[in-house]
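Working notes for the structure below.
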Amino acid sequence: MGVTSPLKGQSHSRSLTRKLLPYVLYALLPIAVFRFYFHPFPFPLSTSDQLPHPNRIILTTSSSSSSSSSSSSSFSREEEIANETPCNYTYGRWVHDKMGPLYNGTTCGTIKEGQNCITHGRPDLGYLYWRWQPSQCNLPRFDPNTFFNLLSNKHIAFVGDSMARNQLESLLCMLATASYPNLVYKNGEDNKFRRWHFASHNITVSVYWSPFLVKGVEKSKTGPDHNELYVDVVDERWGSDLEHIDMVVLSIGHWFLHPAVYYEGGSVLGCHYCPGLNHTEIGFYDVMRKAIKTALKAIIERKSTDGNGIDVFLTSFSPSHFEGEWDKAGACPKTKPYEEGEKMVEGMDADMRSIAIEEMEAAKVNAKKFKGLRLETLDVTKLSLMRPDGHPGPYMYPFPFANGVQEHVQNDCVHWCLPGPIDTWNQIVLEVIRRWSVVSKREE
């Protein structure tokens, strides 16, 4: 029997090793992956992880967690809100948002027919996927449960023209995603006076039709062909209920553009666009200022004496976006927001916005004399101006082009689709209320 050469044996051994090595590696690879996935090596934190963003605002939302770490985190976030400079929501830009709205035209039953753009067949839905990004802070997504917690057992009133109603219906739709509102009262033509109750948190939400905030007689087929305003007398249709109101959102503007005769102190003050009448033409800017002043004065005087306090928002002017004739197809044809710098707040829009801001600032000074009065301008003029795509346009009526494009098509380029850009107004309201709440707790 022959003897195997040592060199030949070593060669055979190396050959066997080369054959087995791949199988060994294949066997070890899953083990290594398993070890790395479940027990990763501790990588050092990046600089961005170690240092908080200087402009970041962290706002609390309601949580069911009861852990001490969660409570500590909520407390620190509330402290951050209290210590931050109040956010200026006026300046910013619209950015694309994949999440879209909280509700739609079929899930909310309180949308006025003329603003239900989705169910009326509007074909482009891109206008739903934008959110307002303020320049120096964040505007969190609306959280209905946070709203309920902050305003439980309160009565919230929207007072003004159809923009006030538009904003009210936006709020109802967002709140209805968490709790159903029960209609408990309605009155007036086109249900201009309505009230809902959220039993889950004992919250009442009302709308009062008062397009001038002060006493007025609206033009009608059976009465004068112009409006009549008494600029120094508050409209008691809402003023008489102030005792029972905890938060009020005032919204006026567009009705002041109509022909009108103005009264002050029982005498004719002047008029706006009143040919044929022997009155002095004085325009409407000073009249609108007087109306806001009268309304805010009434609120402060009445609520400072009843001891209950009140939160007051005055919504600034929301521009329309008519292009060309209002009764032609394409009156407001845009399908996306304006970009920064593409459209400026100017002319009448700027003047009406300034009146609201100036009168609210003057009222704040007066309100500081009393406890429990918190006032703020809801400055939505710019963010609204940047959204020419958010109006119903011809879809204020169902399927307006079902039989082709007609010669005359009525358009709404003033109010807002629901859901739509006006939802942002209520996002801002909620964030202001949340900040007020945090600051109030710290001062207790």
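The values are calculated or read from the model by the stated rules, or taken from the named source; none is laboratory data. None of the values given here were measured: they were computed from a predicted structure. Here Cβ is always computed from backbone atoms with ideal geometry, including for glycine, and neighbour counts include all displayed protein chains. With ligands, DNA and RNA removed, areas are computed over all heavy atoms of the protein, side chains included. Shrake-Rupley method; radii C 1.70, N 1.55, O 1.52, S 1.80 Å.
Scanning region 310-359 for residues being out of contact with any Asp or Glu (no Cβ under 8 Å at 6 or more places or on another chain), open to solvent by less than 40 Å² (accessible area, probe 1.4 Å) and at pLDDT below 95 gives a total of 1.
Counting only residues that are of a type outside the set (A, V, I, L, M) and assigned to a loop (DSSP other than H, G, I, E, B), how many does region 404-444 have? Before the answer, list the steps.
We begin by selecting, within region 404-444, every residue of a type outside the set (A, V, I, L, M); these are 404, 406-408, 410-413, 415-417, 419-421, 423-427, 431, 434-437, 440-444.
With assigned to a loop (DSSP other than H, G, I, E, B) added as a condition, the list becomes 404, 406-408, 410-411, 413, 415-417, 419-421, 444.
Total satisfying the criteria: 14.
Evaluating F401 against the criteria (1) open to solvent by 40 Å² or more (accessible area, probe 1.4 Å); (2) at pLDDT 95 or above; (3) in a loop (DSSP other than H, G, I, E, B); (4) not small (G, A, S) leaves one unmet condition, (2). Scanning region 372-398 for residues that are in a strand (DSSP E or B) and among the charged types (D, E, K, R) turns up R374, E376.
State yes or no: is R237 open to solvent by 70 Å² or more (accessible area, probe 1.4 Å), part of a helix (DSSP H, G or I), touching a strand residue (DSSP E or B) at 6+ places or on another chain (Cβ under 7 Å) and not aromatic (F, W, Y)? Yes: the conditions hold for R237.
Out of the strands (runs of 3 or more DSSP E) lying entirely within region 243-310, which hold 3 or more residues that are touching a strand residue (DSSP E or B) at 6+ places or on another chain (Cβ under 7 Å) and of a type in the set (A, V, I, L, M, F, W, C)?
Details: elements: 247-251, 260-264, 267-272.
Once the strands (runs of 3 or more DSSP E) in region 243-310 are filtered for at least 3 residues that are touching a strand residue (DSSP E or B) at 6+ places or on another chain (Cβ under 7 Å) and of a type in the set (A, V, I, L, M, F, W, C), what remains is 247-251, 267-272.
When G266, G283 are checked against the criterion of being modelled with pLDDT under 95, on the phi > 0 side of the Ramachandran plot and among the small types (G, A, S), a single residue qualifies: G266. Does region 373-383 contain at least one residue that is at pLDDT below 95, more than 21 Å from G253 (Cα to Cα) and open to solvent by 20 Å² or more (accessible area, probe 1.4 Å)? No, that holds for no residue.
Looking only at residues of region 192-234 that are touching a strand residue (DSSP E or B) at 6+ places or on another chain (Cβ under 6 Å) and of a type in the set (D, E), we find that the one that is most open to solvent (accessible area, probe 1.4 Å) is D232. Scanning region 150-191 for residues that are surrounded by fewer than 22 Cβ atoms within 10 Å (Cβ to Cβ) and basic (K, R), which turns out nearest to P211 (Cα to Cα)? Among residues in region 150-191 that are surrounded by fewer than 22 Cβ atoms within 10 Å (Cβ to Cβ) and basic (K, R), the one nearest to P211 (Cα to Cα) is K186.
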